[in-house]
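Chemist: Please find one structure pasted underneath; my questions will follow.
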Amino acid sequence: MIVAVVLNWNGGEDTLAALASLDELPAICVDNGSTDGSDTAVAERFPDVELIRTRANLGFAGGNNVAAAHAQLFLSD
């Protein structure tokens, strides 16, 4: 199984467009402590996307590490 990972940090419409482009592919969105409300927009518009709020900006690598750890749990179900 393939799971898409989208990182968000105040991404607004860019993050929403990225998630919309995934069509039916399972996805994890890691929010790196956004303050623009984009995490809430993701939750409202994409209820099937697994949203992880880190509450801090962990950077690109840190956000991907969170997603990778979660994806292992996601895929084992």
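The values are calculated or read from the model by the stated rules, or taken from the named source; none is laboratory data. Please read all numbers here as calculations on a predicted model, not as lab measurements. Ideal geometry is used to build each Cβ from the backbone, glycine not excepted, and the neighbour counts take in all protein chains shown. Keep in mind that these areas ignore ligands, DNA and RNA; they rest on the heavy atoms of the full protein, side chains included. Shrake-Rupley method; radii C 1.70, N 1.55, O 1.52, S 1.80 Å.
Chemist: Within segment 4-20, is there a residue that is modelled with pLDDT of 95 or more, at positive phi and either among the hydroxyl-bearing types (Ser, Thr, Tyr) or out of contact with any Leu (no Cβ under 7 Å at 6 or more places or on another chain) (or both)?
Modeler: Checked against the condition, which is being modelled with pLDDT of 95 or more, at positive phi and either among the hydroxyl-bearing types (Ser, Thr, Tyr) or out of contact with any Leu (no Cβ under 7 Å at 6 or more places or on another chain) (or both), segment 4-20 yields at least one hit.
Chemist: Shifting gears a bit: Can you give me the number of residues within segment 13-66 that are acidic (Asp, Glu) and in contact with a His (Cβ under 8 Å, 6 or more places away or on another chain)? Give the steps one after another, and end with the answer.
Modeler: Initially, segment 13-66 is screened for residues acidic (Asp, Glu), giving 13-14, 23-24, 31, 36, 39, 44, 48, 50.
Okay, now just the ones that are also in contact with a His (Cβ under 8 Å, 6 or more places away or on another chain), so 50.
Within segment 13-66, residues that are acidic (Asp, Glu) and in contact with a His (Cβ under 8 Å, 6 or more places away or on another chain) number 1.
Chemist: Can you find a residue in segment 32-46 that is open to solvent by less than 40 Å² (accessible area, probe 1.4 Å) and among the aromatic types (Phe, Trp, Tyr)?
Modeler: First, pick out the residues of segment 32-46 that are open to solvent by less than 40 Å² (accessible area, probe 1.4 Å): 32-34, 37-39, 41-42, 46.
Now drop any that are not among the aromatic types (Phe, Trp, Tyr), which leaves 46.
Within segment 32-46 (the criterion being open to solvent by less than 40 Å² (accessible area, probe 1.4 Å) and among the aromatic types (Phe, Trp, Tyr)), the answer is yes, since at least one residue qualifies.
Chemist: I've got another one for you. Out of all the residues in segment 20-37, which are in contact with a strand residue (DSSP E or B) (Cβ under 6 Å, 6 or more places away or on another chain) and either part of a helix (DSSP H, G or I) or of a type in the set (A, V, I, L, M, F, W, C) (or both)?
Modeler: Within segment 20-37, Leu22, Leu25, Ala27, Ile28, Cys29, Val30 qualify.
Chemist: Please go through segment 41-52 and pick out each residue that is more than 20 Å from Asn64 (Cα to Cα) and in a helix (DSSP H, G or I).
Modeler: Ala41, Glu44, Arg45
Chemist: Quick check on segment 21-30: of everything there that is farther than 18 Å from Leu73 by Cα and modelled with pLDDT of 95 or more, which residue is surrounded by the fewest Cβ atoms within 10 Å (Cβ to Cβ)?
Modeler: The qualifying residue surrounded by the fewest Cβ atoms within 10 Å (Cβ to Cβ) is Ser21.
Chemist: Restricted to segment 1-18, and to residues that are touching a strand residue (DSSP E or B) at 6+ places or on another chain (Cβ under 6 Å) and free of Cβ contacts under 8 Å to residues at least 60 places away in the same chain, which residue is most open to solvent (accessible area, probe 1.4 Å)?
Modeler: Ala18
Chemist: Could I ask something else about it? Consider segment 53-77. How many of its residues are aliphatic (A, V, I, L, M) and surrounded by 16 or more Cβ atoms within 10 Å (Cβ to Cβ)?
Modeler: Residues meeting the conditions: 4.
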